[in-house]
Amino acid sequence: MKIEKPKIAIFSDLHLGKHNNSADWHQVAIDWCDWFIDELRAKKIKDVIFMGDWHDNRNEISVHTLDVSAMLIDKFADFNLHMVVGNHDIPYKHSTEVNSVSVFANRPNIEVYTQLTYVEAFDRKLCFAPWESDLTTLDRCDAVFGHLEIQTFKMGTARACTSGWSATDLLKKCKDIYSGHFHLRCEKQYKEGNITYVGNPFQMDFGDRHDVKGYYVLDLDSMSHVFYENNVSPIHHIVKLSEIQKDGFHGTKVVNNNIRMEIDVDIDTKELFKLFDKVASLRPMTFTQDYTFIAQSPTGALADVAPANIDVKEAIEEYMSTIDVYGKAKAKEYILDLYDKTK
């Protein structure tokens, strides 16, 4: 499929169906897409590159999620959509031939890339590199758009990638690389060129809470890009009770956002429930509590307060770092992958 204009929009990792096919999160995706389409039209952009993980579940997709997926695809009817297959779009770890976005491949405005593919556009040679592409065969080109694991980039807030491709080796063949897969947005400049992880289009969990989300526009004439911030989707805040007691309650963080309150100091139960009611009245998207403070009874025994809303991934990371077993890195990756599949 031909790229019609030199300015191209880039986004990645939509993960439709995340949070157990939540209707609320479906609506977040729909609202984001409406905003994104308006942005594309205002900038007169015709060509869009999506770099993998359109769906979240690798094995099965709910009817509700399929309905939303088709709805969003229809919204791109006036654009050329280039879709790179990601690891969440496939049931088999090492093969992209079977994938959940192939149902869109016959539409005239959509190209689905299941293997390393080169496209010429505006005197530039572009490469589309889906998950598990053999980049040892990479031809020299002007830009790569992929779903890649590149060493040293953050896979999440708690770990960096130690496997995958060497940035130096990739940049010997191409000096501008754009990738999906890791959700934390990151741009690194090297002597040989630049690598950009574009991140997910909106925050999806508390691991994203410090990350500014959005999309990129690449100009093929100058080979420069601009990042545009998403300012319409809900974000995540962690607020500590001790900070509320010190600085007061700021309700502006709450409305339509995802709030986790850390109960890190002792407080009268009635007063705590009043605070909960106050937060709930402001209609956050989600509101959870994390009891990090454990009160002591007069006898010294622990009070009847249990920790809640533990960050399971961080707990797995912490536990695996304390044990000494053969193949620990692969075991940790396997356990985290199992956890992702159960969400």
Notebook entry, point to check: Say the cut-off is 21 Å between C-alpha atoms; which of 125/172; 7/191; 172/213; 246/270; 240/278; 125/154 go over it?
Noted result: 7/191; 172/213; 125/154
Notebook entry, point to check: Put +1 on the Cβ of each Lys and Arg and -1 on the Cβ of each Asp and Glu in the chain; which of 202, 114, 137 then has its Cα farthest toward the positive end of the dipole?
Noted result: 137
Notebook entry, point to check: For P(r) over Cα pairs in 20 Å bins from 0, in percent, the choices are (i) 26, 43, 22, 7, 1, 0; (ii) 28, 54, 17, 1; (iii) 31, 60, 9, 0; which was calculated from the structure?
Noted result: (ii)
Checklist line | Once exposed loop chymotrypsin sites (Phe, Trp or Tyr not before Pro) are cut out (DSSP; at most 13 other Cβ, 10 Å), longest piece of the chain | finding: 191-325
Next item on the list: Quick one: divide the alpha-carbon radius of gyration of region 160-286 by 2.2 N^0.38 Å and tell me what you get.
Entry: 1.47
Checklist line | Efficiency of FRET from Cβ geometry, residue 249 and residue 41, R₀ 45 Å, rounded to 0.05 | finding: 0.70
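Laboratory data are not the source of any read-out in this text; all were calculated from the coordinates shown. The structure presented is a predicted model; accordingly, all values stated were derived computationally and were not measured. Counting neighbours? That spans all protein chains shown, and the Cβs are built from the backbone with ideal geometry, glycine included.
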